[in-house]
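Below is one structure, written out as structure tokens; comments come after it.
Please treat every number below as a calculation from the coordinates, not as lab data. Small disclaimer: the values here were computed from a predicted structure and weren't measured. Glycine also receives a Cβ, built like all others from the backbone with ideal geometry; neighbour counts cover every protein chain displayed.
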Amino acid sequence: MKTKIVTLIAIFAMSFAVSAQIDRSKQPKSGPTPSVKLGKTNNFTLKNGLKVIIVENHKLPRASASLRIDNRPYAEGNKAGLSSVMGILLGRGTPSITKDAFNEEVDFLGANVGFGSSSAFASSLKRYFPKVLGLMADGVKNSLFTQEELDKQVKVILDNIKNSEKNVTSAARRVENLLTYGKNHPYGEFTSKETVGNITLADVKNNFNTYYKPNNAYLIISGDINTKEMKKLVQELFGDWEKGEIPLTSLVKPTNVAHTVIDFIDMPNAVQSEIAAINNIDLTLASKDYYAALLANSILGGGGSARLFNNLREDKGYTYGSYSSISQSRYAATFRATASVRNMVTDSSVVEMQKEINKIRFNKVTETELKDAKAAYIGSFVMNVQKPAVAANFALNIAMYNLPKDYYENYLANVNSVTLEDVQKAAYKYFKGDKNRIIITGKGSEVLENLEKLKYKINYYDKYGNPTEKPKMDMPIPVGMTATNIVDNYFKAIGGEDKVNAVKTILSKADATIQGMKINLTSKTAAPNKVSIVVSGMGQTLSKQIFDGEKGYAEGQGRRMDLNAAQIEEAKKSLLFVDKVYKAGKLDRIANLDGVNAYVITFDKKEIFYNAKTGLKIQEVVSTTVNGKEVKTATTFADYKAINGILFPHKTTMPMGPMKLEFVVSEIKINEDVSEADFKM
């Protein structure tokens, strides 16, 4: 025991001495760039043209196989979706095994086997891999295509199309691709109920027999395998796969617009706008500025610390997140910057997105930004390169793109060699701020008026990418209808003015949850305009607002601030039933709000929306000026329930930065439990 204690003391003293020699006021210097050595690959080609890449890795007793058919993209025209259907039907039974028996065998072996229109995949424990690879090979070569399975799949696709009919995100992606690549380009096509209806079983079989061939395919096998044994197994399983002549297809090269335009897709049910700023580029893995382009994109919109995210979410609160991406392709590469934003900030989001794109084009990024971007790429690369599947994909890229054998061994050095000038040149070349196609899918009646102020040309399309006329923004107001009529109808709808006039005080309690924390809102009001609002959470008061009819204050985070003259005048307008003052407003228009027609009254800096059918108030939008810019805040009202014969909304939703805060009423009392003491200064 004494020896053990002495040893521990010695170790402690040694560690203390080492620590004492470290100057913790200085940041440690970065070590040398890690050297990367990819596992050795063994490549060979079968007589039928199948190119095989084998990567041994004995760290885990597992193995996997990936088949990649490297065909050029081809258009399917009025049968768009054909190749996808063919890929889905692959592996659903062969002459030697039924679909159910195949699935049971895969499950029994604890394996994973899948197929696609130009791919196949299999993985399992080492001991079962020969059997699992055999199942994959059988599906690749001998799949049975039956009318029964085709009919089942067509029904699934048609159901999915029907279910996504009003999905704003689905419509956005569909039209984005069509406009970016063109309707005659394979990447611009989309599956519709019409094109699916044109697909026959003969089409499926013909597609398989024409394009699913070994002479334009790569088979990558990695894991705890023996190369010699695997060569023999691959020959046995895939050697009889018949090669064929694959048609050569010509592609229409996608082009950019001459000047930045907005392409707008009107979706009246949209509660937010989908924005994508897109331009076509020429970029491949072999491009000299590939690494600079990657780093430029990382700094602009590569994640939660990038410029787009920091601007549109952290600074402005327009969205949950804004990102950009840059793709490499031998056929059609693109740059995209995207965000899903609230309707009322759609135009502002476009301005900020364009600002960030142009800023990185015309101004160098900082040393810190470039250093952090490099560190992120290097860290991710070093972690992933250890995985057998990643190393195998690297080997595939080298073969497919005809890259130098040491391409990935030099990857880190190439990333580190990128300069500030390189990043700016790549950003200027690939991020076409002046030739962006800004595609917006949203609710025209709420966003177009402000978008038109941006002075970009606006083209209009339906949700399938067909050119259309500008959507009608408003419906005609009935003759003789005024703001007074609308407010009178509102009071009739909630119970009648006699009942409303009998109300002298209201106590309301509501709850909401924000980031997992429950908060409570207690509101007390007394005629004509006395207000007490207390927000509490975690057992303490978070904020308080008091107005006694003549003066008031706001309190939060331990600080109290008395209302100024302008705020007092505004507070005096807050009547027990504030809608009475809206009779002095202007009936501005009829708007469609989430599929509901609503009369819109403008009053002071507010827009008040009343359901044209029920008469109930469904939304208020307040305009304020922040840092010289107009900011609109929308509060929605729903779930009206009767209290003492008067309808009150029991669900109120308002924005809080990029989030929505939903208060649900738990209690309302009329002419009870409110006293003068509640409004005491």
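With R₀ fixed at 51 Å, the C-beta to C-beta distance from Asn209 to Asn358 puts the FRET efficiency at about 0.50. Projecting each Cα onto the charge dipole of the chain (Lys/Arg +1, Asp/Glu -1 at the beta carbon, about the Cα centre), which of Ser250, Asn48, Leu150 comes out farthest on the positive side? Among Ser250, Asn48, Leu150, the one farthest towards the positive end of the dipole of the chain is Asn48. When only Cα pairs below 8 angstrom with a gap of at least 6 residues are kept, the range 483-679 shows a relative contact order of 23 percent. Within 10 Å of each candidate Cβ there may be at most 12 other Cβ atoms; applying that plus a DSSP loop requirement, which chymotrypsin sites (Phe, Trp or Tyr not before Pro) in the range 342-413 survive? Taking the range 342-413 and a limit of 12 other Cβ atoms within 10 Å, no loop chymotrypsin sites (Phe, Trp or Tyr not before Pro) are found. A Cα-only calculation for the range 37-117 places Rg and Dmax at 16.8, 49 Å.
Of the cross-linked pairs Lys572/Lys680; Lys166/Lys193; Lys162/Lys463; Lys47/Lys205; Lys364/Lys425, those separated by over 20 Å at the C-alpha level are Lys47/Lys205. Note on Glu555 and Glu667: the model spin-label points, each 7 Å out from Cα along the C-beta direction, lie 2.1 nm apart. Remark: the chain carries a charge dipole of roughly 1560 debye about the Cα centre, counting +1 on each Lys and Arg Cβ and -1 on each Asp and Glu Cβ. Taking square-rooted eigenvalues a ≥ b ≥ c of the alpha carbon gyration tensor, is the range 250-316 rounded, prolate or oblate, where a/c under 1.5 means rounded and, failing that, a/b exceeding b/c means prolate? Judged from the Cα gyration tensor, the range 250-316 comes out oblate (a/c at least 1.5, b/c at or above a/b). Pairs of alpha carbons in the range 194-318 separated by more than 19 Å make up 77% of all such pairs. Across the range 613-622, rounded Karplus estimates of 3J(HN,Hα) from the backbone phi angles (6.51 cos²θ - 1.76 cosθ + 1.60, θ = phi - 60°) give 8, 8, x, 6, 6, 10, 6, 10, 10, 10 Hz, Gly and Pro being marked x. Relative contact order of the chain, taken over Cα pairs closer than 8 Å and 6 or more residues apart, is 13 percent. For the chain, take the longest principal axis of its alpha carbons; what is the angle in degrees between that and the long axis of helix 147-163, to the nearest 10 within 0 to 90? Rounded to the nearest ten degrees, it is 30.
First obtain the Kirkwood hydrodynamic radius of the range 483-679 from its Cα pairs, then insert it into the Stokes-Einstein equation at 10 °C and 1.306 mPa s, and state the resulting D in µm² per second as a whole number.
It diffuses with D of about 89 µm²/s by this estimate.
With an a/c value of 1.5 or above and a/b larger than b/c for the gyration tensor axes a ≥ b ≥ c computed over the alpha-carbon atoms, the range 54-168 is described as prolate. Between the Cα long axis of helix 2-20 and the first principal axis of the chain there is an angle of about 70°, rounded to the nearest 10. Considering only alpha-carbon pairs that sit under 8 angstrom and 6 or more positions apart, the relative contact order computed for the range 559-658 is 12 percent.
Compute for the range 408-563: radius of gyration divided by Kirkwood radius, i.e. Rg/Rh, restricted to C-alpha atoms, rounded to two decimals.
1.19
Relative to the longest principal axis of the Cα atoms of the chain, the long axis of helix 483-494 makes an angle of roughly 80 degrees.
Counting each DSSP H run of 4 or more residues in the chain as -39500 (n - 2.57), what helix-only mean residue ellipticity at 222 nm follows after dividing by all residues, to the nearest 500 deg cm²/dmol? Per the formula, -10000 deg cm²/dmol.
Among Thr200, Thr624, which comes first, second and so on when ranked by fewest other beta-carbon atoms within 10 Å?
Values: Thr200 13, Thr624 10.
By the 10 Å Cβ count, ascending: Thr624, Thr200.
Between Glu449 and Val382, the modelled label-to-label distance comes to 5.6 nm, taking each label 7 Å out from Cα in the direction of the beta carbon. Taking a ≥ b ≥ c as the square roots of the eigenvalues of the alpha carbon gyration tensor, the range 450-538 is oblate, as a/c is not under 1.5 and a/b does not beat b/c. In the range 173-226, the C-alpha radius of gyration followed by the widest Cα-Cα span (Dmax) gives 17.0, 50 angstrom. Sequence-ordered 3J(HN,Hα) estimates for the range 534-546 from the Karplus curve with 6.51, -1.76 and 1.60 and θ = phi - 60° stand at 10, 10, 10, x, 6, x, 9, 7, 8, 7, 8, 10, 10 Hz, glycine and proline given as x. Distance cut-off 32 Å, Cα to Cα: go down the list Lys443/Lys544; Lys253/Lys660; Lys316/Lys443; Lys443/Lys669 and report the pairs above it. Too far apart for the 32 Å limit: Lys443/Lys544; Lys253/Lys660; Lys443/Lys669.
Its alpha carbons give the chain an Rg and a Dmax of 32.4, 101 Å.
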